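Accompanying notes for the structure given below.
Nothing in this text is a laboratory measurement; each read-out follows from the coordinates by a stated rule. This structure is a prediction, so every number in the text was calculated from the model and none was measured. FYI the Cβ positions are ideal-geometry reconstructions off the backbone, even for glycines, and counts take in every protein chain you see.
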Amino acid sequence: MYSELCGRIKIVYSMKWSKNAWDSISDIYDKTLKSTFISELIRGSLSKERFIFYIQQDALYLVDFGKSLAAIASKLDEPAQRAMMLGFASESIAVEAALHEAFFNQYGINREIKIPQSPSCLLYTSYLLRMTNAPVEVTMAAVLPCFWIYMEVGNYIKAEAKLADNPYRAWIETYGGEEYAQSVYKAIDICDALAERSSEERRAEMTEAFITCSRMEWMFWESAYNLETWKI
C-alpha cells in the first residue's frame, strides 16, 4: 500500500506544472465551453450587440495585457525567453489589434469614442497588473490562461461551427489557427521551465494565479453576453 502511494506521488511530481495546472481548471473550462456566449458564437447566432461589446472590452483588456507581457520580459533571465515574451507583446497583440480594427470597421464603431472597462474587465486587468509585482513565475502563470484557454476554445469552436455561414469566422480562425497555437505552446514551455526551477510553494502560487485568471476568462465571456455595465 505504501509503495503504491509513493508511486502515485512520484507520478504527480514528475508531471509538468502545466498538466497539473490545466487539470485543476477542468470544471472552469467545461463551464466556459457551455457558456451561452460560446454556444451562440458557434451557431453564428450571437447578437451583433453582444459581439461588439466583447470586441470593445477585449481591445481595452489588450492594452493592460500587453503591459503584463512587457513586465514579464523585463524580469526573465534567459535571453531566448525574454525575446519570446517581447515577441508576444508585439506580434500577438498586433494580430489581435488588427482583428479588432477589422471588426470596428465592419460594424462602423468609432474608436475615438472612449468607453469604460466593464467591471469584469477592470477586475481582470487590475489583477494582471498587480501580478506584475509578484515573482516572474507567478506573473507568467497569471497571463497563461489568456493564451491557453483562447486556443482551446478557438479549436473547440472551429471544430463545432459551420464557418461558411458564420459571421464571426475571422475571429474563430484567428484563435483556432496553427500560428496562434505555436505561440501558446511556447508560453506553456516558459511556464514549465520556470516552475521546474521553483519551490513547491512557488509552484502553488503559480497554480493559484492560473486558476484565478481562468475564472476571470469565464467571467469575461459572461460579462459580454450580459452586456455588463456599472450599476451606478
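Quick notes on this structure:
- With eigenvalues of the C-alpha gyration tensor scaled by 5 and rooted, the range 16-225, Å: 28, 19, 16
- Three principal axis lengths of the range 112-217 [C-alpha, angstrom, descending]: 50, 34, 22
- Cα-based Rg of the range 61-137 normalised by 2.2 N^0.38 Å, two decimals: 1.28
- Diffusion constant of the range 179-224 at 25 °C, which comes from Stokes-Einstein with the Kirkwood Cα-pair radius and 0.890 mPa s, µm²/s: 203
- Nearest-0.05 FRET efficiency for E78 and I115, computed from C-beta distance (R0 45 Å): 0.70
- Taking a point 7 Å from the Cα of E91 along the Cα-to-Cβ direction, the residues of the range 155-181 with backbone N closer than 16 Å to it are 175, 177-181.
- Here the relative contact order of the range 16-225, from alpha carbon pairs under 8 Å that lie six or more residues apart, stands at 37 percent.
- Descending by average beta-carbon neighbour count within 10 Å, the peptides 64-72, 79-87, 184-192 line up as 64-72, 184-192, 79-87, the highest first.
- Dividing the helix sum by the residues of the chain, where each DSSP H run of 4 or more adds -39500 (n - 2.57), gives a mean residue ellipticity at 222 nm of -25000 deg cm²/dmol.
- Globularity index of the range 117-168, i.e. its alpha-carbon radius of gyration over 2.2 N^0.38 Å: 1.55
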